[in-house]
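Student: Mind looking over this structure? Questions follow.
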Amino acid sequence: MKQNGENMLSKDIRVEAFWDEEAQVWVASSDDVPGLITEADTMEHLMKKLKILIPELLQANGLLDEPGAVDIPIHLLGQWQEVIKTKSRNG
């Protein structure tokens, strides 16, 4: 698996996910995997999808060209932002 002459197995795949409040799903993408964008209702379901999609996309993009089985380290980073409302003591 190579990118610009670099062996991609020497670095971890970083996947960033954010919670889409309107759709009620986690949305994930990665600069390390061209074409990766997917969503799931839980982080666990998201990781299950990523385990299938990442090797498929790496192979489709010509980045997974090593024979045999390879280990692909994945780091899934989630961001959840929410606004909470509360009454102030003076209000």
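Student: Look at segment 36-67 and say how many of its residues are free of Cβ contacts under 8 Å to residues at least 24 places away in the same chain, farther than 17 Å from Asp12 by Cα and within 17 Å of the chain's Cα centre (by Cα). Lay out the reasoning, then the answer.
Tutor: If we filter segment 36-67 for residues that are free of Cβ contacts under 8 Å to residues at least 24 places away in the same chain, which is where we start, we get 36-42, 44-45, 48-49, 51-53, 55-56, 59, 62, 67.
Next, from what is left, pick out any that are farther than 17 Å from Asp12 by Cα: 37-42, 44-45, 48-49, 62, 67.
Keeping just the survivors that are within 17 Å of the chain's Cα centre (by Cα) gives 37-42, 44-45, 48-49.
Here the count works out to 10.
Student: Taking segment 36-67, which residues are among the charged types (D, E, K, R), in contact with a strand residue (DSSP E or B) (Cβ under 9 Å, 6 or more places away or on another chain) and part of a helix (DSSP H, G or I)? Full working, then the answer.
Tutor: The initial filter retains those residues of segment 36-67 that are among the charged types (D, E, K, R), namely 39, 41, 44, 48-49, 51, 56, 65-66.
Add one more test, that the residue is in contact with a strand residue (DSSP E or B) (Cβ under 9 Å, 6 or more places away or on another chain), and what stays is 39, 41, 48-49, 51, 65-66.
Within segment 36-67, Lys48, Lys49, Lys51 qualify.
Table: residues versus (1) out of contact with any helix residue (DSSP H, G or I) (no Cβ under 8 Å at 6 or more places or on another chain); (2) of a type in the set (Asp, Glu); (3) loosely packed, with under 12 Cβ neighbours inside 10 Å.
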position: Asp32; (1), (2), (3): no, yes, no
position: Thr42; (1), (2), (3): yes, no, yes
position: Asn61; (1), (2), (3): yes, no, no
position: Pro67; (1), (2), (3): yes, no, yes
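Student: Listed residues Val70, Val33, Val83; which is in a loop (DSSP other than H, G, I, E, B), without any contact (Cβ under 8 Å) to a residue 12 or more places away in the chain and not small (Gly, Ala, Ser)?
Tutor: Unique residue meeting the criteria: Val83.
Each value in this text was obtained by applying a stated rule to the coordinates, not by laboratory testing. Computed from a predicted structure; not experimentally measured. Cβ coordinates were reconstructed from backbone atoms using ideal geometry, including for glycine residues, and neighbour counts include every protein chain displayed.
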